[in-house]
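Enquirer: Below is one structure. I have some questions about it.
The values are calculated or read from the model by the stated rules, or taken from the named source; none is laboratory data. None of these values were measured; they are calculated from a predicted model. Methodologically, a virtual Cβ is constructed for each residue, glycine included, from the backbone with ideal geometry; neighbour enumeration extends over all protein chains shown. To get the accessible areas, we keep the full protein, side chains included, count just its heavy atoms, and leave off ligands, DNA and RNA. Shrake-Rupley method; radii C 1.70, N 1.55, O 1.52, S 1.80 Å.
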Amino acid sequence: MAVWIQAQQLQGDALHQMQSLYGQHFPIEVRHYLSQWIEGQLWDVIDLENPQEEFKAKRLLDSLIQELQNKAEHQVGEDGFLLKIKLGHYASQLKSTYDRCPLELVRCIKHILYTEQRLVREATNSSSPVGGMMDSMSQKYQQINQAFEELRLMTQDTENDLRKLQHNQEYFIIQYQESLRIQAQLTSLATLPPADRQLREPALLSKRATVESWLTREANTLQKYRLDLAEKHQKTLQLLRKQQTIILDDELIQWKRRQQLAGNGGPPEGGLDILQSWCEKLAETIWQNRQQIRRAEHLRQQLPIPGPIEELLNELNSTITDIISALVTSTFIIEKQPPQVLKTQTKFAATVRLLVGGKLNVHMNPPQVKATIISEQQAKALLKNENTRNDSSGEILNNNCVMEYHQTTGTLSAHFRNMSLKRIKRSDRRGAESVTEEKFTILFESQFSVGGNELVFQVKGRVPFLVPDKVLWPQLCDAINMKYKAEVQSNRGLSEENLVFLAQKAFSISSNNPDDYRNMTMTWSQFNRESLPGRNFTFWQWFDGVMELTKKHLKPHWNDGAILGFVNKQQAQDMLMSKPNGTFLLRFSDSEIGGITIAWVAENPNKRMVWNLMPYTTKDFSIRSLADRISDLNHLLFLYPDRPKDEVFSKYYTPPLSKAVDGYVNFLFVCPAVLSLRSDSMLDADGDFDLDDTMDVARHVEELLRRPVESQWGGQQS
C-alpha cells in the first residue's frame, strides 16, 4: 500500500504532525495529486552534502514541475477548471522557490517521506506485513546511511590527526636542524682559545641538552601519534570492510539474484541508482583513506623513527588495496544480460557497467571491454584461477566495446548493441546428454586503471549460474510457478492443488498431501530427460506445452478461473459425477503435449457417465476459439461447479457473421451430433472421443460448403 494512502488514515496527533509537514514550501495538494510519482522517485540516491549532485536534484525538480503541469492540463469540468489553475500556480511557485537550490527540494521531500513512514509505522505498530516490510527496508537503509556518516566522521578525524602529525613533524625537523646547528657550533669551539671556549661552551651544552631532551620527548610523541593514527585507520578499515560486505555481498548479490530470477519470469530486478550511490560513497571513502595512509607513509619516510609503525603501515596499505580491488572487481556488472538462448547468425545485445567508474575517474582513460563465449568447464576453471588452453568456445562478431561515461547520470557503461554468434565449438557429449543441455557463458573482461595508473585491475564480469544436479520439490514449485505466470502473463499462478497434481505427475505418486512432497528432490534427468510413465515426452515438455497453449489461446479463460487445467481424468470423474447433466470442466490433456480436453457428465441409456472429448490443440484453436467451440456444443450447460456456460464464455463468443453479399450467405455449419455419438469404437485408449471416425461426415459437410447455399437456407440458424 502506498505511504500516502496510509498517511491519510492517520488520526489525532499523528494526523496533525503529518499535516504540519506541508505549507508554502511544499503544498499538501502537490503531495496528494502526485503521490504515486513522488514515492516512485529515488530521493535517497542524492547526497545532499555533495554539491555535484545538484544536477540530479535539478532534474527531479524539472520532472516534478512537468508532472504538475501535465496533471493540470488533464483537468476538465467546472471543478477541474479551478484545480487546473491551482496546480499551475503550484508549479510556478515550486520552480521559483527551488530553481536556484534544487537540493533543498530533495531535502524537503526526503524529510516529508521519512516522517510519514515513521508516523505510519508507529500507528500500525508494525503489525501488518506491509508495515513490517516498510519498516525493515527503511531500517536497513537507515543503518547503511548511518554507517556512511560514521565513516565520514572517522575519515575526517584521521584527516585532522594527519594534519596535526604533519605539523608536529615539520616542527620536529626544524628543532632537529637546530640541534645540528648547536652541535656544529660546539665543534667549531675547538678552534677557539681555551678562554673563549670555556666562556661559550656551557651555554651551548645547556642549550643542546634542552633541545635533545625535547627531541627525545617529541620523537616518542610523534611515534605515539603515528601509532594512534594507524589504530584509527585500522578501525576505519574494519568498518569500511563491514559496510562493503553489506553492500556487495548482500545488496548487490541480491540484485544479481533478482536479475537471474527475472530471466526465468520473476519481477524486474530494479534499478541500480541506489546501489551505485552506495558504491560511489564506498569508493570515495576508501580512496580518501588510501591517500591518508600513503601520506602517513611519506611522513614516516621523511622522518624514520624506530618502531612497529612501518609494519603497521604496510599492513594498512595492503588491506586498503584489497578493499578497493574487491570494490572495483565486484562492481563491474552486467546490467543487461544477453539472451539465455543464443542462435548463430542472430543479433543480440548486452550492457556492462562499472558502478564506481565515475567516482574513481576510470573514464579519464576509457577502458575497452571484450566479450567471449566460453564453455561451462572453462568458466569453472576461471573461477579456480586455472589457465585454460582455449580462450573461447566460439566466435562472436562485434565483441569489443569502449566504455562511455554519461555525465547526466554519472554512469560508466559499455553497450554491446550488435553482437552476433558466428560459430560455436561444442564439446564431446556423453550418454544421454543433448545439445540443448550443453551450457556456455558470455565472459566480459576489461582492464581498469585507477588513480593515474597507480592501480591496475583485470576484471571479468559474469559468474556462471550454478545449476545443481537436483533440487527440492518446493524450490522447483517456486520456479515453475514464477515461469508460468510470466509466460502466460497472468497474476493467477499455480495453486497448491495444481502443484500437488504436478508432483503426482512428476513422481508417479498418488498422494494428495502436499507435505509428502516437501522433502522430495527432482533431478535434471527426471525433469527433462526421462519420459513420463507410459508417455513419449518428459515432465518439462508436457508443462511447457501447457504454458504455450495457455499463453497463445487460453489466457483470458485461465485468468477468469474457467480452466481448472491441472486435473487428471479420475479426479474429473469424481468431481462431475455428483453434478447435474451437462456440467463440464476443462483440464489439460495427460496424453498429448499442449492439449486441453473437455470432460462432462451426461446420461447414458444405462447409467450416468463422464465423457472426455479428444484434446484440442493450438492447431484447433487457430481455426476456432475455445469459447466458440463450447458454444457449439449444446450438451455443455454448466461450467463446474454450477455456472451457466454463457455467463462465463459469452463475452468471448465470435459475433454473428455478416449478411448476404452478391447472393451468397456466410454460413457456419456445426455438427451437433458429435456429442450424441456413443460408439465405443470412437474412444481412444484413454476413453476420449476420437473424431477421426466422423471424418466422412466432415468431408460431406465440406463438400456442401463448397457450393452456393440454396436460397431457402437463408433464414436458418446454425
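Enquirer: How far is it, in nm, from the label point at Q156 to the one at Q238 when both lie 7 Å from their Cα along the line to the Cβ?
Expert: 2.3
Enquirer: Would you check the accessible area of H635, probe 1.4 Å, heavy atoms only, in square angstrom rounded to 10?
Expert: My reading of the accessible area for H635 is about 80 Å².
Enquirer: Still on this model: For an R0 of 22 angstrom, estimate the FRET efficiency from the Cβ-Cβ distance between A262 and Q143 and round to the nearest 0.05.
Expert: 0.25
Enquirer: Would you mind getting me the FRET efficiency between L303 and D560? Use the beta-carbon distance for r and R0 = 56 Å, nearest 0.05. Let's see the in-between values first.
Expert: Details: r = 83 Å, r/R0 = 1.48.
The calculated FRET efficiency here is 0.10.
Enquirer: Give the shape of the range 3-126 as rounded, prolate or oblate, defined through the alpha-carbon gyration tensor: a ≥ b ≥ c are the square roots of its eigenvalues, a/c under 1.5 means rounded, and otherwise the shape is prolate if a/b is larger than b/c and oblate if not.
Expert: It is oblate, given that a/c is not under 1.5 and a/b is not larger than b/c.
Enquirer: What dipole magnitude, in Debye to the nearest 20, does the range 3-126 give about its Cα centre under +1 on Lys/Arg Cβ and -1 on Asp/Glu Cβ? Before the final figure, lay out each step's value.
Expert: On the way: 13 positive and 17 negative charges, 21 e Å.
With Lys and Arg at +1 and Asp and Glu at -1, about 100 debye.
Enquirer: Which of the peptides 258-266, 539-547, 312-320, 21-29 is most tightly packed, and how do the rest follow, judged by the mean count of other Cβ atoms within 10 Å per residue?
Expert: The packing order, highest mean first, is 539-547, 312-320, 258-266, 21-29.
Enquirer: Quote to one decimal, in nm, the extra length available between S650 and T115 on full extension: 0.36 nm per residue of separation minus the C-alpha distance between them.
Expert: Value of the extension gain: 187.5 nm.
Enquirer: Take D99, project a point 7 Å from its Cα along the Cβ direction, then tell me which residues of the range 60-93 have their backbone nitrogen under 12 Å from it.
Expert: Within reach of a label on D99, which here means backbone N under 12 Å from a point 7 Å along Cα→Cβ, the range 60-93 contributes 62, 92-93.
Enquirer: Round to a whole angstrom and tell me the spacing of the C-alpha centers of the range 306-355 and the range 134-210.
Expert: That distance is 39 Å.
Enquirer: What length, rounded to one decimal in nm, is gained on full extension from A184 through to R492, with 0.36 nm per residue of separation minus their alpha-carbon distance?
Expert: 101.5 nm
Enquirer: Check which residues have an amide H placed less than 5 Å from T538's amide H, if you skip close sequence neighbours.
Expert: L532
Enquirer: If you don't mind, another one. Roughly to the nearest percent, how much of the accessible area of the range 492-651 is carbon and sulfur, given a 1.4 Å probe?
Expert: C and S fraction of accessible area: 48 percent.
Enquirer: Under the Karplus relation 6.51 cos²θ - 1.76 cosθ + 1.60, θ = phi - 60°, what is the ordered set of whole-Hz ³J(HN,Hα) values for the range 251-263, x standing for Gly and Pro?
Expert: 5, 5, 5, 5, 4, 5, 5, 5, 5, 4, 5, 4, x
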